[in-house]
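Read the structure below first, then the notes.
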Amino acid sequence: MFIYALVFTFLGCNVNTIVDTNQSIRDHNWLYANTAKAEFEISDTLKTYKVSFKLRINTSYRYSNMFVLVSVKGANKYKRTRYQFKLAKADGQWLGKGSGDLYTYSFPLLKKHLFHEAGKYTIEVEQNMRDNPLVGVSDVGIEVVKD
């Protein structure tokens, strides 16, 4: 029995995951100042990495898209990029994976990205919609995975 538990534990883990954050948004109201944040260290500059923004909304979210500002800091460099993500079809049908009134998304921010210098990095994602707070956001997170 112990062997089965051990096998399932290792199958559930991704050894290539550098960091995987998830934070609940208080009262489902995402404020500008409440950024999703991930801090991690890169030691292998020859490998490529995938960075994703994770989002969970509920049916009180009023829009079919979301704008975010993504900041990448590290190795004496800083880059800030604005992204738009489509959350629903024109008819209002949500595109995420649904369970009850919650819908989950994972959006790529960086694909096959090379961190050219070893060291500590920080990625922050800030909601960039007109509403502050942005109603209907239950969780946000960042995942960095070695390709």
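The values are calculated or read from the model by the stated rules, or taken from the named source; none is laboratory data. Everything quoted here is computed from the prediction, not taken from an experiment. Note that each Cβ is placed from the backbone with ideal geometry, even for glycine, and that neighbours are counted across all protein chains shown. Quick note on the areas: whole protein, heavy atoms, side chains included, nothing else; ligands and nucleic acids left out. Shrake-Rupley method; radii C 1.70, N 1.55, O 1.52, S 1.80 Å.
Per residue, the accessible area of the chain comes to 62 Å² when a 1.4 Å probe rolls over the protein heavy atoms. Annotation: amide H of ASP139 within the under-5 Å range of ILE25, ARG56, sequence separation 5 or more or interchain, hydrogens built in the peptide plane. Among VAL144, LEU46, TYR121, which residue has its Cα furthest toward the positive end of the charge dipole of the stretch 1-146, with +1 on Lys/Arg Cβ and -1 on Asp/Glu Cβ? Value: LEU46. Counting only aspartates and glutamates at least 8 places from LYS73 when in the same chain, those with an alpha carbon closer than 18 Å to its own are ASP20, GLU39, GLU41, ASP44, GLU117, GLU124, GLU126, GLU143.
Only helical DSSP H runs with n ≥ 4 go in: add -39500 (n - 2.57) per run for the chain, normalise by residue count and round the 222 nm mean residue ellipticity to 500 deg cm²/dmol. Provide the component values of the computation, followed by the final result.
On the way: 1 runs with 11 residues, N = 147.
When only DSSP H runs of four or more count, the value is -2500 deg cm²/dmol.
A simple packing score, the average count of other Cβ atoms within 10 Å per residue, orders the peptides 117-129, 80-92, 100-112 as 117-129, 100-112, 80-92, with the highest score first.
Quick check for me: using +1 on Lys/Arg Cβ and -1 on Asp/Glu Cβ, what's the dipole size of the chain about its Cα centre, in debye to the nearest 20? Intermediate values should be presented prior to the final figure.
Values: 20 positive and 14 negative charges, 95 e Å.
Here the size comes out at about 460 debye.
In terms of distances greater than 25 angstrom between alpha carbons, the cross-link table entries LYS47/LYS97; LYS37/LYS89; LYS37/LYS97; LYS89/LYS146; LYS50/LYS97 yield LYS47/LYS97; LYS37/LYS89; LYS89/LYS146. Once both labels are positioned 7 Å from their Cα atoms along Cα-to-Cβ, the gap between ASN16 and ALA88 label points is 3.4 nm. With a cut-off of 10 Å between beta carbons, the residues surrounding TYR105 carry a summed charge of +4, where Lys and Arg count +1 and Asp and Glu -1. Heavy-atom surface analysis with a 1.4 Å probe gives the stretch 71-147 a carbon and sulfur content of 47 percent of its accessible area.
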